[in-house]
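A short write-up of the structure that comes next.
The values are calculated or read from the model by the stated rules, or taken from the named source; none is laboratory data. Since the model is a prediction, treat every value here as computed from it, not as a measurement. No Cβ is skipped: glycine too gets one built from the backbone with ideal geometry, and neighbour counts run over all protein chains shown. Side chains are part of the model used for accessible areas, which takes the heavy atoms of the whole protein and leaves out ligands, DNA and RNA. Shrake-Rupley method; radii C 1.70, N 1.55, O 1.52, S 1.80 Å.
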Amino acid sequence: MPEERAPAPSPPRVAARPGVRAGWLAALALMLAALNLRPAVTSVGPVLEEARAALGMSATAAGLLTAMPAVCFALVGFTASRLARRHGPDAVVLSGMGAIAAGIALRPLAPDGTVFVALSAVALAGIAVTNVLLPAVVKQRFPDRVGAVTGGYAMALNIGASTAAATTVPLAHRFGDWRIGLGAWALVAAVAVPAWIGLARDRVALAPSADPAPDAERPSLARSPTAWALAVYFGLQATAAYIVIGWLPQIYRDAGLSAETAGLLFAVTSVLGIPLSFALALVAGRLRRQGGVAVALGLFGLAGYAGLATAPAAAPWLWACLLGVANCSFPLALTMIGMRGRDGATVTRLSAFAQSTGYLISIPGPVLVGALYEHGGGWEAPLVLMAVLMVPQLAAGLLAGRDRQVG
């Protein structure tokens, strides 16, 4: 079993810290990358009806499109560690930004649904490797500020996701074409490319890995309890997030609320994540153990699901706020990944394992909830399932939050 131990005092750094200019460049590059980690996903739903009509896309193809993010994040994410070892994490993220820009720019020009799905996969592949490698870049560039910097880019990620969801349709209406509304987000990805070119060239300030051994010679993370705890925690929080994104408005509409009110309530859960992501990761990064934070977030989720199951229309804004707080388990998971690895190389491997395995774990949840809703005729059973899943999430958070490092 890989050695897991309380962190020892840090040895002297092999190389000097990045200078102020390099630090600002790294921070800017991280924020710009994070802005691009969700628009390729959240911009599609608002114009999916128009895209299907224009491309002759079947319902099956549209269903594949909605399932693709988690599958791509899982499967492509496993390759990120090897790519980063060969080319460096900064260079791989740079390639990821290029893939995101190309995929988003070209898919509105697709002649049919098959090509549209394939080009979406290109963008999602770029997101997948970037998802995995940003925690490693934070660990390398900001080893003493993991929580604060992770919180900053988690906040930027939420801003990008919310903005794309809210403004794609207005953009399409403004220019009279859904293709422009969808393809405009390629410009945001293109803006990130120069910063990552500069960062990929800035190798002087980084110390070499303390463990230059090839991945095959390192202890397997699949035998590490902490790595598995992180993977399970990441997967279950992703399950909850996807279900809230996909089904919360429908839950409120079925409770008798208007579509407009249901949309506003869903927006609350997203907007709350913008400031809370930063604050939560900042606090968690200063703690030696994050298990208590994971439990607190889980309790917010349990309260929200209980409210929705028993009286969804009685206090809908309260339930939305509770679930918005619970969804901040995402930046907590990223912070813990950055803190559990002893160096940048280990964080890269740990991030690839935890995120890719976690996204695989998350795939069945939204499908199962949909099946329970369709066959049960109500939301009681799906919400009970979500509450039950919160129990292993709490346990995994406690284990992942221990003051241990994976080597």
Original post:
With every protein chain present, what is the per residue accessible area of the chain (1.4 Å probe, Å²)?
Top reply: 42
Original post:
Residues with amide H under 5 Å of VAL406's amide H, sequence separation 5 or more or different chain, H placed in the peptide plane at 1.01 Å from N; which?
Top reply: GLY341, ARG342
Subject >> For the chain: relative contact order, % (alpha-carbon pairs under 8 angstrom, 6 or more apart) >> reply: 27
Original post:
By its C-alpha gyration tensor, with a ≥ b ≥ c as the square roots of the eigenvalues, how is the range 19-116 shaped: rounded for a/c under 1.5, else prolate for a/b larger than b/c, else oblate?
Top reply: prolate
**OP:** Roll a 1.4 angstrom probe over the protein heavy atoms and tell me the percent of accessible area of the range 38-141 that is carbon or sulfur.
**Re:** 65
Subject >> Answer label, with Cα extents along the principal axes in Å calculated from the coordinates and candidates (i) 65, 49, 43; (ii) 62, 45, 35; (iii) 57, 47, 35 >> reply: (ii)
Original post:
Over the Cα atoms of the range 303-407, what is the Rg over Rh ratio if Rh follows Kirkwood?
Top reply: 1.06
Original post:
If packing is taken as the mean number of other Cβ atoms within 10 Å per residue, what is the order of 339-346, 111-118, 296-303, highest first?
Top reply: 339-346, 296-303, 111-118
**OP:** Could you work out the local net charge near GLY401, counting Lys and Arg as +1, Asp and Glu as -1, over the other residues with Cβ closer than 12 Å to its Cβ?
**Re:** +4
